[in-house]
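**Q** Take a look at the following structure, please.
The values are calculated or read from the model by the stated rules, or taken from the named source; none is laboratory data. Note that this is a predicted model, so its numbers are computed, not measured. Using ideal geometry, Cβ is built from the backbone for each residue, glycine included, and neighbour counts are taken over all protein chains shown. Heads up: the accessible areas ignore ligands, DNA and RNA and are worked out on the full protein's heavy atoms, side chains in. Shrake-Rupley method; radii C 1.70, N 1.55, O 1.52, S 1.80 Å.
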Amino acid sequence: MCMHPAAASSKMTRQTLPWVPLIVSLFACFGDAVVAIMLYPMLPYMVQDFGIPRDQVGFYVGMLGTCYNLLQVPASAFWGKMSDIFGRKRVLMTGQLTLMTATACLGLSSSFGAALAARCLAGALNGNNAVTRAALRDITLPSQRAKAFSLFGLMLSVAFGIAPLFGSFLARPIDAFPSLKGTFLEEYPYLLPCIVADAMVLAGLVGLCWFPADPASYVARFTQHTVEPLVLEDGSESRQNSGGDGGGDAGGGDDGGDGDGDGDGGNINAAEHRRRCRTQPSLRAPLLDGSSPAC
């Protein structure tokens, strides 16, 4: 028999998400999103303070606000390729470091050219938004990815919601707190929101220390060779035996089966067996007891 897609998705075994690498990768992307958005409320004031004529402020605001996102297009492809070669963890940590440096330079900028260069460097030397998506795919099983990517969207929504508050409330703090006159915040009125954004990026960088260097091996250990049930059109379930010892699991359905499976897949045909071997790394990894893997 063939597997019914709707039945398979409804009866699929629910496995625990790998919360530690999932949270640290999402938080790394959270800092990236905050840096990307927090600039917009303070852009018109920043451009005016750089001495741009009032009738040209709109053009320069658009230029400074757009350069980061434009450079993210080629940067995402480049850093995604680098993550395939050198690993997700190294590239994510490199992106966090370059993003922190460029954001600090933005807060210390005293001219439009310096601010534009800092913003361009932040966009070109960081592709974490794309690499994080690849990392989420690496650390989750197919049945877990819908939930993992929904959490990714939730994290971006939260970042887009609070980031403008940093740019609006923390920029030019001398206007709200005259007692700060004479401090470095008077000379650099847009440094404070950049410092707060950098603190979030730094937290994401520290969290990445707990991201697995080899996601495939991590998934194999984390799942501990758990195999999801194959749901047939008649509503019965058939499991592939990960140890190859056959018996009731391979041959039976909901009624316990007749135990005539031979351990090589039971009701699962050869094509389905090959598909599972490709998509589930745990089936290719050696078992904890030293026995041969299922694939």
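**Q** Hey, any idea what the orientation-averaged projected area of the convex hull of the stretch 76-118's Cα atoms comes to, in nm²?
**A** On the way: hull surface 12.8 nm².
If I average the Cα hull's projected area over directions, I get 3.2 nm².
**Q** How large is the dipole of the stretch 85-219 about the Cα centre if only Lys and Arg carry +1 and Asp and Glu carry -1, each at its Cβ, rounded to the nearest 20 debye? Walk me through the intermediate numbers first.
**A** Numbers: 10 positive and 6 negative charges, 102 e Å.
Result for the stretch 85-219 is approximately 480 debye, rounded to the nearest 20.
**Q** A further question on this structure: Provide the convex hull volume over Cα atoms per residue for the stretch 112-190, in Å³. Each step should come with its number before you reach the end.
**A** Numbers: hull volume 9.7 nm³, N = 79.
Value for the stretch 112-190: 123 Å³ per residue.
**Q** To continue, here is another question. Using r as the Cβ-Cβ distance of CYS209 and ASP55, and R0 as 51 Å, what FRET efficiency do you calculate, to the nearest 0.05?
**A** Details: r = 50 Å, r/R0 = 0.97.
It comes out at approximately 0.55.
**Q** Where Lys and Arg each count +1 and Asp and Glu each count -1, what net charge lies around GLY153 among other residues with Cβ under 15 Å from its Cβ?
**A** +3
**Q** Please give the per residue accessible area of the stretch 173-213, computed with a probe of 1.4 Å over protein heavy atoms only, in Å². Show your work: numbers first, answer last.
**A** Details: 2180 Å² over 41 residues.
Computed with neighbouring chains in place, this is 53 Å² per residue.
**Q** On to the next question. Quick one: how many Å² of THR101 are accessible to a 1.4 Å probe, rounded to 10?
**A** My reading of the accessible area for THR101 is about 80 Å².
**Q** Further, regarding this structure: With no solvent and one equal point scatterer placed on each C-alpha of the stretch 161-208, evaluate the Debye formula and give log10 I(q)/I(0) for q = 0.13, 0.15, 0.24 Å⁻¹, two decimals.
**A** The computed values of log10 I(q)/I(0) come out as -0.35, -0.44, -0.84.
**Q** Starting from the residue with the highest accessible area, list MET82, MET63 in decreasing order, probe 1.4 Å.
**A** Numbers: MET82 40, MET63 65 Å².
Highest to lowest solvent-accessible surface, that is MET63, MET82.
**Q** In addition: If N is the number of residues in the stretch 49-148, what value comes out of its Cα radius of gyration divided by 2.2 N^0.38 Å? Write down the numbers at each step before the final one.
**A** Details: Rg = 16.7 Å, N = 100, 2.2 N^0.38 = 12.7 Å.
So the stretch 49-148 has a normalised radius of gyration of 1.32.
**Q** Nearest 0.05, what FRET efficiency do THR101 and SER217 give at R0 = 41 Å with Cβ-Cβ as r? It would help to have the intermediate numbers written out before the result.
**A** Details: r = 32 Å, r/R0 = 0.77.
It comes out at approximately 0.80.
**Q** Summing +1 for each Lys or Arg and -1 for each Asp or Glu, what net charge is found among the other residues whose Cβ lies under 13 Å from the Cβ of ASP214? Mind dumping the intermediate values first?
**A** On the way: positive: ARG88, LYS89, ARG90, ARG221; negative: ASP138.
Here the count lands on +3.
**Q** Sticking with this one: With N set to the number of residues, divide the alpha-carbon radius of gyration of the stretch 65-214 by 2.2 N^0.38 Å and report two decimals. Let's see the in-between values first.
**A** Numbers: Rg = 17.2 Å, N = 150, 2.2 N^0.38 = 14.8 Å.
So the Cα radius of gyration is 1.17 times the expected 2.2 N^0.38 Å.
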